[in-house]
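So the structure is just underneath, and the comments pick up after that.
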Ligand SMILES: [Zn+2]
Ligand SMILES: [Zn+2]
């Protein structure tokens, strides 16, 4: 082998570019191909609407390829579950061993495509209703290769438009005029969508949502409801819940520096950020003695020394003894 590019590699890369054209990206350094990247789809003839899965294949050409195996990575899987990805990856490893000494990228493409064609159905759940995709379900694949029951996506987009409209109407007129029109987005990746909601709306509800047993309030659920209600009232009392209406204290209380100092002197916590630890007092370096939210030791930010006025920390430490 010379320092020039191996002829087998040049031929393979030329063939890939001739066949896949814009669908393949070859990265080169000084005209030497370094890596090959392409998105693999299942074989569905020319009907790309029927492709429900895809994966990006990246092949890094290691020095000495094809006499050495390249580094192969599968990225951005869409509609494929972990088990299937693992199966494809192990087939790839076998193929790399079988093909040592000869260009392997076309073989890999074929292997992955066969697997995708066999599994050309979304796996996993619809993230909107959390039911699986089953026989008889009507579902849609978005431009970004995410799947939803058509029925669910319609409900989601209708709700999204309604919310947008409600928020828009709260704005002053001049802002309403300048607001961009409502844009449908994918609930998973926020990619812009162009879906015909009227058509989606006609799809039946997910099969599993119809066949699921009717909801029953079990003793277990009742106990959970009680536990959650207690937790909610506790959070409301502390102002941790931004509730609709005006029940409970305001969710955000703005305090002045003076308030902070008073609070620090009442508590037993040391808020003095860079006080020298007093040896032998049992409190050395104990972070729990800093007031919550006070700058940490070593803190160099704009609020450095904020709590030092009036030495609340020293007083605090005295109180804790
Ligand atoms: Zn759904
Ligand atoms: Zn998406």
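Highest average first, the peptides 179-191, 197-209 ordered by how many other beta carbon atoms sit within 10 Å of their residues are 197-209, 179-191. Here the peptides 99-112, 210-223 are ranked by packing, the mean other Cβ count within 10 Å, and the order with the highest first is 99-112, 210-223. Between the beta carbons of residue 162 and residue 44, assuming R0 = 51 Å, the FRET efficiency works out to 0.90 to the nearest 0.05.
On a full-extension model of 0.36 nm per residue, what is the gain between residue 25 and residue 236, subtracting their alpha-carbon distance, rounded to one decimal in nm? The partial results should precede the final answer.
Numbers: separation 211, 0.36 × 211 = 75.96 nm, distance 5.48 nm.
So the chain would gain 70.5 nm between residue 25 and residue 236.
A crude spin-label estimate for the pair residue 211 and residue 32, with each label 7 Å from Cα along the Cβ direction, gives 5.8 nm.
For the pair the stretch 1-74 / the stretch 134-205, the C-alpha centres are spaced 37 Å from each other. Spin-label pair residue 228-residue 138: with each label point 7 Å from Cα along the Cα-Cβ axis, the two points sit 3.1 nm from one another. Protection proxy ranking, highest mean first, for peptides 63-75, 227-239: 63-75, 227-239, where packing is the per-residue count of other beta-carbon atoms within 10 Å, averaged.
Rounded to the nearest 0.05, the FRET efficiency derived from the C-beta distance between residue 107 and residue 18 at R0 = 25 Å is 0.90.
Just so you know, all these numbers are worked out from the coordinates, no wet-lab data involved. Quantities reported herein were computed from a predicted structural model and do not represent experimental measurements. Cβ atoms come from the backbone with ideal geometry, glycine included; neighbour counts cover every protein chain shown.
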